[in-house]
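Heads up: the structure comes next, in structure tokens.
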Amino acid sequence: MPAPSYSLQLGKTALIFFPPLYPNTRTEHPSADAQVVQVIIKPRKSTKRCIELFYKFERDITTAIESLLLGHIVARLPERVTIEGEGYALRGHRRPWKYGQTFVKFSWGEKELRASDDKWIFELDPE
């Protein structure tokens, strides 16, 4: 997977759009649909060290989270995950994304997008 052309921001909610994995195939598997996933990265402690680590590795962190979310779309991952990086751990957990399922409609042009069943919350923990 190529590096994303954007970076997630610390402490800010983001929506990540995933195209359908098999656009010309008819299947009931969720990966057949384009999806939107809500994600946020929170610092475990708002320290200078945590902020420095995030901005030093923001592209790596974004790529790792995007890969994890794609893995979750294809084959549901455990409720809690940990990504270990150079001097930090990124601990994530998922929760039902009720707001996305109930109150929001997403589209890309004329194509309706499916809101993911889960939203993901990550905590950046300097080690």
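The values are calculated or read from the model by the stated rules, or taken from the named source; none is laboratory data. All figures in this text were calculated on a predicted structure; none of them were measured in a lab. Reconstructed Cβ throughout: ideal geometry from the backbone, glycine too, with neighbour counts over all protein chains shown. These area figures cover heavy atoms from the full protein model, side chains too; ligands, DNA and RNA do not enter into them. Shrake-Rupley method; radii C 1.70, N 1.55, O 1.52, S 1.80 Å.
Report yes if E127 is open to solvent by 90 Å² or more (accessible area, probe 1.4 Å) and under 22 Å from D60 (Cα atoms), otherwise no. Even if it seems obvious, please write down each step before you answer.
Working: open to solvent by 90 Å² or more (accessible area, probe 1.4 Å): yes; under 22 Å from D60 (Cα atoms): yes.
Judged against the criteria, E127 is a match.
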- Query: Any idea which of (1) closer than 19 Å to Q35 by Cα; (2) open to solvent by 20 Å² or more (accessible area, probe 1.4 Å); (3) within 13 Å of the chain's Cα centre (by Cα) is the one I65 doesn't satisfy?
  - Reply: (2)
- Query: Just one of the numbered conditions (1) open to solvent by less than 30 Å² (accessible area, probe 1.4 Å); (2) modelled with pLDDT of 85 or more is not true of P4; which one?
  - Reply: (2)
- Item | Residues located in segment 72-101, provided they are open to solvent by less than 30 Å² (accessible area, probe 1.4 Å) and under 13 Å from the mean Cα position of the chain (by Cα) | H72, I73, V81, L90, G92, W97
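Filter segment 82-114 down to the residues that are in a loop (DSSP other than H, G, I, E, B) and either without any contact (Cβ under 8 Å) to a residue 12 or more places away in the chain or more than 16 Å from L69 (Cα to Cα) (or both) and list them by number. It would help to see each step written out before you state the result.
Of all residues in segment 82-114, those in a loop (DSSP other than H, G, I, E, B) come to 86-87, 97, 103-105, 109-110.
Across segment 82-114, the qualifying residues are E86, G87, F103, V104, K105, G109, E110.
Which of the residues belonging to segment 59-81 are part of a helix (DSSP H, G or I) and touching a strand residue (DSSP E or B) at 6+ places or on another chain (Cβ under 8 Å)? Even if it seems obvious, please write down each step before you answer.
Our first condition is that a residue be part of a helix (DSSP H, G or I); within segment 59-81, this holds for 59-74.
The answer is D60, I61, A64, I65, E66, L68, L69, L70, H72, I73.
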- Message: I need the full set of residues from segment 36-64 which are touching a residue at least 60 places away in the same chain (Cβ under 8 Å) and either touching a helix residue (DSSP H, G or I) at 6+ places or on another chain (Cβ under 6 Å) or within 30 Å of W108 (Cα to Cα) (or both), in order please.
- Response: V36, V37, Q38, V39, I40, I41, K42, P43, I61, T63
- So K111 fits all but one of (1) touching a helix residue (DSSP H, G or I) at 6+ places or on another chain (Cβ under 9 Å); (2) basic (K, R); (3) at pLDDT below 90; what number is the exception? (1)
- Note on the structure: Residues of segment 43-52 being surrounded by 17 or more Cβ atoms within 10 Å (Cβ to Cβ) and either at pLDDT 95 or above or within 19 Å of the chain's Cα centre (by Cα) (or both), in sequence order, are P43
